C-alpha cells in the first residue's frame, strides 16, 4: 500500500469518526425520544444520549441518558413536566433500530422528578374518585385543599372540602386527608374515612423502577422527587 493510499484511508477514517461523534448521538437521541413517547404517553419527549467515543453507542451502552417530557401520563394522572437522568444504561439496540422501541436492559442510577399541577390533580379527582364532581384544587407549601361537590347515590349532592397533603409510601403516592368539611362543617374521623386516603400514582407503572425520595409542595404544584437508590 502506497503512502498516498494509506493517507487517504486514514483521512476517511478520521472523517467517519468525527462525523460519527456528532451524527450518531443525534440520530439515536431522536430514536429514543420517539420510542419514549409511547412509554410515557407523551406527545413531546426530548432525550439526550451520551457516550465517548460515540461509536460505542452502537453496542447499546450509554454513559448517560437525560430525558424531558411534557404532559406525561401514568394511568389517569398527568405530569405537566417529567425530568429524568439515567446513568450506565444498556438498551436493546435491535428493538430501537427496527421498531424505535425503547427497551431498558439494565440501568445504574435513576433520578426522576415529576410535577403535578393543581389543575391536573383536579382533573384526576373528577375522573377517578367516585362521587367527586367539579373539584377545585389549591396547592400551597402548607397543604392541598380540594373543594368539590360529592354525589351520594346519584340523588343527593353535598359540598365537601378536603385539607391534606401529598405523601409517599414506597412506590405509592397518595393524598391523605387531615381535615374533612361537609357543607362547611368540620366532620370527625367517621365522616372523613370515606376519603381519608386517595391513591394518585403507582410508581411501579413507570419503566424506571424508582421509589419516593421527597415530595415538595409549592404554590400551584407538587414536585415528586424519586430515584432507585437503596432506602
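Any read-out appearing in this document is the output of simple, stated calculations on the displayed coordinates, not a laboratory observation. Keep in mind that this is a model prediction, so the values were computed, not measured. Don't worry about glycine lacking a Cβ; one is built from the backbone with ideal geometry, like all the others, and counts go over all protein chains shown.
The simple spin-label model puts a point 7 Å past each Cα toward its Cβ; for residue 105 and residue 158 those points are separated by 5.8 nm. Largest GNM mean-square fluctuation among 174, 130, 205, using the chain with Cα springs under 10 Å: 130. The residues 148, 29, 98, 157, when put in order of fewest to most other Cβ atoms within 10 Å, stand as 98, 157, 29, 148. Note: relative contact order over the chain, using C-alpha pairs below 8 Å and six or more positions apart, is 14 percent.
Highest mean packing comes first when the peptides 71-78, 54-61 are listed by Cβ atoms within 10 Å, giving 71-78, 54-61. Placing dummy labels 7 Å off each Cα toward the beta-carbon, the span from residue 136 to residue 63 is 5.2 nm. Between residue 172 and residue 27, the contour length at 0.36 nm per residue exceeds the alpha carbon distance by 48.6 nm.
Using r as the Cβ-Cβ distance of residue 218 and residue 43, and R0 as 25 Å, what FRET efficiency do you calculate, to the nearest 0.05?
For R0 = 25 Å, the calculated efficiency reads 0.45.
Pairwise Cα distances in the chain exceed 30 Å in 41 percent of cases.
Relative to the longest principal axis of the Cα atoms of the chain, the long axis of helix 3-39 makes an angle of roughly 10 degrees.
Pull out the extension gain between residue 229 and residue 119, defined as 0.36 nm times the separation in residues minus the alpha carbon to alpha carbon distance; nm, one decimal.
36.5 nm
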